[in-house]
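Just below is one structure, and these are the notes that go with it.
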Amino acid sequence: MSILFSPITIGGVSLKNRIVMSPMGMNACKAEDGKVTNWHKIHYPSRAVGQVGLIMVEATAVSLDGRTDPDDLGIWEDGQISGLKELVDMVHEQGAKIGIQLCHGGRKSKIPGKIMAPSAIPYDENSIVPEAMTEEEMYEVIAAFKESARRAKQAGFDVLELHAAHGYLINQFLSPLSNKRGDKYGGNLENRYQFLKEVIHEIHKVWDGALFVRISATDYHPEGCSIDDYIVYGSMMKEQGVHFIDCSSGWIVPPNFSERPGPGYQVPFASQMKKEVQIPTGAVGLITSGLQAEKILVEGHADLIFIGQELLRDPYWPKRAAKELNVSIDAPPSYEYIWNK
């Protein structure tokens, strides 16, 4: 038996294996309307054919001014639901589950118009200085997350993930490097969590399915958040009914690695979060082989394996991983005659 290819249920959603397609931006909405394109209908279902257990759709903008790029996928209006539902149905037809990651870019938005953030601090020296959000603007964004969750439910998604990592808006509230507010949304750790707390609270009013959160488990900066801070945040998320924490890292400020990160460099964050918070976690980052993924699971460091770039290189990565582990996996019906030879 292989743990990687064993089923698991999280937040009431049963997955046929532990392989997740990590959310990755496709920048495919060239009409800048945020609607699903033919590219999305090819890109995601092909990984479902390749036997990925859970397909996570890319960071999807909850508002027009929250896009990180003009050609981002969107879920800010009802007219986008039909395309998303078609995508969901196509993935389900191929035997996989599907989730969507909700995102607001905050100070990392690259669009014309007003750029908002917790504080008027740019991402780097080449970035626009954002406007510090008023409480009214925060309430509007929180409502946008709620309405996006409602649309995700209408479209039939199995999993909803909040993007609270990589320097986007929710992450900006969580980190002291980007949040210098003096009100109830800034200052100590509990106050910096308040924005995410309110987002989760509102989402629960319209979404009763599996709820994931992607975090940056460390800011890689002496004055920023560490994994110990995120253990506290993780406990708060669990108390609010979050089912799963997807553990990435960095990008609240430009990275300054003294050397290139090595394989599985983020796995210890998932491991510590899983053990200390007692919540299911996902390992992500430079995981490239079935043997490596299986070892992470066998040693109890995580519950799901998020595969990013390797699934861009090879939509049939699960088949390759199964061969490494000497496991036979179900074939797409049209491929049965050749699949396990």
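The table below lists the values:
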quantity	calculated
4 °C / 1.567 mPa s Stokes-Einstein diffusion coefficient of region 105-243, Kirkwood radius on C-alpha pairs, µm²/s	84 µm²/s
Region 179-332, accessible area per residue, ligands and nucleic acids excluded (1.4 Å, Å²)	44 Å²
Relative contact order (%) - region 206-341, alpha-carbon pairs under 8 angstrom, separation at least six	19 percent
Ellipsoid equivalent to region 263-334 - semi-axes via the Cα gyration tensor, in Å	24, 13, 11
Computed P(r) (all Cα pairs; region 209-341; 5 Å bins; percent)	2, 10, 18, 18, 17, 14, 10, 6, 3, 2, 0, 0
Amide H partners (placed H, <5 Å) of Val57, local residues excluded	Gly99, Ile100, Gln101
Accessible area per residue, Å², region 25-110 with all protein chains present, probe 1.4 Å	33 Å²
Radius, Kirkwood style, for region 1-91 when every pair of distinct Cα atoms is counted (Å)	14.1 Å
For a label point 7 Å along the Cα-to-beta-carbon line of Lys30, residues of region 57-86 with backbone N under 13 Å	71
Accessible heavy-atom area order of Thr68, Thr9, Thr281, highest first, probe of 1.4 Å	Thr9, Thr68, Thr281
Fraction of accessible area attributable to carbon and sulfur, the chain (%, probe 1.4 Å)	51 percent
Restricting region 6-113 to trypsin sites (Lys or Arg not before Pro) in coil, as DSSP defines it, with at most 15 other Cβ within 10 Å	Lys30, Lys110
Measure of compaction for the chain (Cα Rg per 2.2 N^0.38 Å)	0.95
Hull shadow area, averaged, region 195-267 [alpha-carbon convex hull, nm²]	5.8 nm²
Kirkwood Rh, Cα atoms: Rg over Rh of region 84-161	1.12
Sites Asp314 and Ser127 - FRET efficiency at Förster radius 45 Å, r taken between beta-carbons, to 0.05	0.85
Filtered GluC sites (Glu not before Pro), region 237-301: DSSP coil and at most 14 other beta carbons within 10 Å	Glu259, Glu299
Kirkwood estimate for region 1-153, i.e. one over the average of 1/r between Cα atoms, Å	16.6 Å
Charge dipole (region 1-89, unit charges on Cβ, about Cα centre) - positive-most of Leu15, Ser82, Met56	Leu15
DSSP bridge pairs, the chain: antiparallel proportion in percent, nearest 5	10 percent
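The values are calculated or read from the model by the stated rules, or taken from the named source; none is laboratory data. Owing to the predicted nature of the structure, the values given are computational and were not obtained by experimental measurement. Note that we place each Cβ from the backbone using ideal geometry, even for glycine, and neighbour counts take in every protein chain shown. Note: accessible area is taken over every heavy atom of the protein model, side chains too, but ligands, DNA and RNA are not part of it. Shrake-Rupley method; radii C 1.70, N 1.55, O 1.52, S 1.80 Å.
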